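Please read the structure below before turning to the comments.
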Amino acid sequence: MTMLKTPEYAGEILVPEVLEDLGIFAGKLATDIHVTRTRIEGRCDDRTSVTSDTAKHLSRALGTGPKFRLNIPARMICWWIARQT
């Protein structure tokens with residue numbers, strides 16, 4: 001049986017690749033993209049899921065498509081299902 005690597009959750013991508021690289025905190029990113037600080041902080045610790053609205057705001061600010069942000073939780077769900085079978 002092949003061991004499946006646990007996919008990264010959104011916070012594991014958002015924190016090092018966005019916040020740390022830009023040298024900003026969640027509150028600054030939230031202000032810049034016009035969402036609440038708690039929405040960004042919830043994404044950083046994987047307490048909340050990515051909504052289409054958040055994906056839209058992040059994609060505009062970071063130059064990525066919204067599908068990129070929405071596919072992160074989808075990969076986690078597929079990984080979890082594959083482990084159960």
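Extension gain for the segment Lys5 to Thr31, taken as residue separation times 0.36 nm less the Cα-Cα distance, is 5.9 nm to one decimal. Residue by residue, region 51-57 carries 3J(HN,Hα) couplings of 8, 4, 5, 5, 4, 5, 5 Hz when phi is fed to the Karplus relation 6.51 cos²θ - 1.76 cosθ + 1.60 (θ = phi - 60°); x denotes Gly or Pro.
Values in this text are rule-based calculations from the coordinates and carry no lab data. In this text, all values refer to a predicted model and were calculated from it rather than measured experimentally.
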